[in-house]
1. Determine whether Ala199 is touching a helix residue (DSSP H, G or I) at 6+ places or on another chain (Cβ under 8 Å), at pLDDT 95 or above and open to solvent by less than 10 Å² (accessible area, probe 1.4 Å).
2. Which one of the conditions (1) open to solvent by 10 Å² or more (accessible area, probe 1.4 Å); (2) at pLDDT 75 or above; (3) of a type in the set (Phe, Trp, Tyr) does Phe118 fail to meet, given that it meets all the rest?
3. Give the residue that is farthest from the chain's Cα centre (by Cα), with candidates limited to residues of the range 9-33 that are among the small types (Gly, Ala, Ser) and modelled with pLDDT of 90 or more.
4. Condition check: under 27 Å from Val99 (Cα atoms), at pLDDT 95 or above and hydrophobic (A, V, I, L, M, F, W, C). Does Phe210 satisfy that?
5. Please go through the range 32-57 and pick out each residue that is in contact with a Phe, Trp or Tyr (Cβ under 7 Å, 6 or more places away or on another chain) and surrounded by fewer than 24 Cβ atoms within 10 Å (Cβ to Cβ).
6. Looking at the structure I just gave you, is Thr6 open to solvent by 10 Å² or more (accessible area, probe 1.4 Å), modelled with pLDDT under 90, farther than 25 Å from Tyr261 by Cβ and outside any helix (DSSP H, G or I)?
7. Of a type in the set (Lys, Arg), open to solvent by 50 Å² or more (accessible area, probe 1.4 Å), in a helix (DSSP H, G or I) and modelled with pLDDT under 95 - does that describe any residue in the range 94-113?
8. Tally the residues that are open to solvent by 10 Å² or more (accessible area, probe 1.4 Å), farther than 12 Å from Met106 by Cβ and modelled with pLDDT of 80 or more, restricting the search to the range 141-175.
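The values are calculated or read from the model by the stated rules, or taken from the named source; none is laboratory data. Please read these numbers as outputs of a predicted model, since none were measured by experiment. Positions of Cβ are backbone-derived with ideal geometry, glycine not excepted, and every protein chain shown enters the neighbour counts. SASA here: full protein model, heavy atoms, side chains in, ligands and nucleic acids out. Shrake-Rupley method; radii C 1.70, N 1.55, O 1.52, S 1.80 Å.
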Amino acid sequence: MTALDTTKKTDWLALGAVTITVLAWASAFVAIRGVGTSFGAGPLALGRLLIGTIALGAILMLRRTWVRPGRTQWIQIISVGVFWFAIYNVSLNAAEQRVDAGTTSMLIQIGPILVALFAGLLLGEGFPRWLVIGAAIAFSGAVLVGVVTAVTTTDTTKTDADFLGIALCLLSAATYAIGVLSQKPVLRGVPGLQVTWMACAIGALCTLPFAPALIEDLGTASAGATGGLIYLGLVPTALAFSTWAYALTRMDAGRLGITTYGVPPLTILMAWLLLGEVPHFLAVVGGMICLVGVGLSRRR
């Protein structure tokens with residue numbers, strides 16, 4: 001196998017990992033919206049993180065690989081756990097109790113812009129022309145999706161995007177960016193699966209005060225809502241964060257972050273099919289613009 005063939009194989013593996021991540025994270029917005037009436041924001045975050053920690057821990061034990069993090073790496077991993085796993089999840093859950101899934105997923109896309117900006121400034125990734133062009137196009141599409149969704153009222157869905165809900169979405173976007181920027185450098189020396197498990201466990205510890213409320217919510221939740229919680233822990237958390245870490249070891253943080261602009265149109269589609277939140281046709285147009293921007297951002 002030539003060096004060129006190896007590069008192509010690695011690119012395809014990274015692309016597959018990104019695809020899994022985007023699909024899983026899009027479904028997470030819909031699942032959170034669906035179970036939000038049964039679980040509070042904090043308890044839902046704790047339950048999701050506990051399930052993710054157990055699943056990732058089991059895989060890590062089977063692999064029997066462990067790299068002892070240095071002091072700086074510990075600080076970076078703690079930052080990922082506190083900001084991206086703990087604060088992000090609680091604020092996102094609280095936001096989706098006030099804002100519909102499609103609008104929430106759009107507002108979160110401010111995060112990748114912050115990642116691309118600070119990755120260029122702090123991680124030395126620079127500002128490739130097609131990355132900037134793709135980011136601008138994808139962001140414009142996400143804005144169109146969000147604005148149209150926010151002002152559209154139908155028989156099946158009514159958006160109540162109050163100030164607090166929007167502020168929580170922006171907080172989620174900021175903590176997402178902090179998490180990605182903290183995670184990228186630590187992956188150079190610590191395996192992605194280990195970093196994901198450690199960050200997930202730290203996030204679970206941070207949200208542990210919600211344990212009594214989680215127990216109470218589990219006592220009254222339906223089987224479907226409990227199943228949704230388990231799904232959130234296994235797929236959008238354990239699986240998707242692992243595939244994200246895998247891709248992040250093979251791609252620039254800024255370029256990888258822009259690929260998440262595929263999330264809003266997928267979220268709109270899933271929310272339409274599963275929650276009956278019917279999108280405006282302009283939201284569909286915005287979703288197509290997002291995908292065009294993602295494709296352009298990957299050009300060299």
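1. On the way: touching a helix residue (DSSP H, G or I) at 6+ places or on another chain (Cβ under 8 Å): yes; at pLDDT 95 or above: yes; open to solvent by less than 10 Å² (accessible area, probe 1.4 Å): yes.
Considered against the rule, which asks whether it is touching a helix residue (DSSP H, G or I) at 6+ places or on another chain (Cβ under 8 Å), at pLDDT 95 or above and open to solvent by less than 10 Å² (accessible area, probe 1.4 Å), Ala199 comes out as yes.
2. That leaves (2) as the condition not met.
3. Of all residues in the range 9-33, those among the small types (Gly, Ala, Ser) come to 14, 16-17, 24, 26-28, 31.
With modelled with pLDDT of 90 or more added as a condition, the list becomes 24, 26-28, 31.
Working: Ala24: 8, Ala26: 8, Ser27: 10, Ala28: 8, Ala31: 13 Å.
Ranking the candidates gives Ala31 first.
4. On the way: under 27 Å from Val99 (Cα atoms): yes; at pLDDT 95 or above: yes; hydrophobic (A, V, I, L, M, F, W, C): yes.
When the stated conditions are applied, Phe210 passes them.
5. Hits for the range 32-57 are Gly42, Gly57.
6. Numbers: open to solvent by 10 Å² or more (accessible area, probe 1.4 Å): yes; modelled with pLDDT under 90: yes; farther than 25 Å from Tyr261 by Cβ: yes; outside any helix (DSSP H, G or I): no.
So Thr6 does not fit the description; no.
7. First, the residues of the range 94-113 that are of a type in the set (Lys, Arg): 98.
Next cut, open to solvent by 50 Å² or more (accessible area, probe 1.4 Å) only: 98.
Still in the running and in a helix (DSSP H, G or I): none.
So far as the range 94-113 goes, no, none of its residues is of a type in the set (Lys, Arg), open to solvent by 50 Å² or more (accessible area, probe 1.4 Å), in a helix (DSSP H, G or I) and modelled with pLDDT under 95.
8. The first filter runs over the range 141-175 and keeps only residues open to solvent by 10 Å² or more (accessible area, probe 1.4 Å), leaving 143-144, 147-164, 166-168, 170-171, 174.
From the residues that got through so far, the ones that are farther than 12 Å from Met106 by Cβ too are 151-158, 160, 162-164, 167-168, 171, 174.
This time we only want the ones that are modelled with pLDDT of 80 or more, so: 164, 167-168, 171, 174.
Here the count works out to 5.
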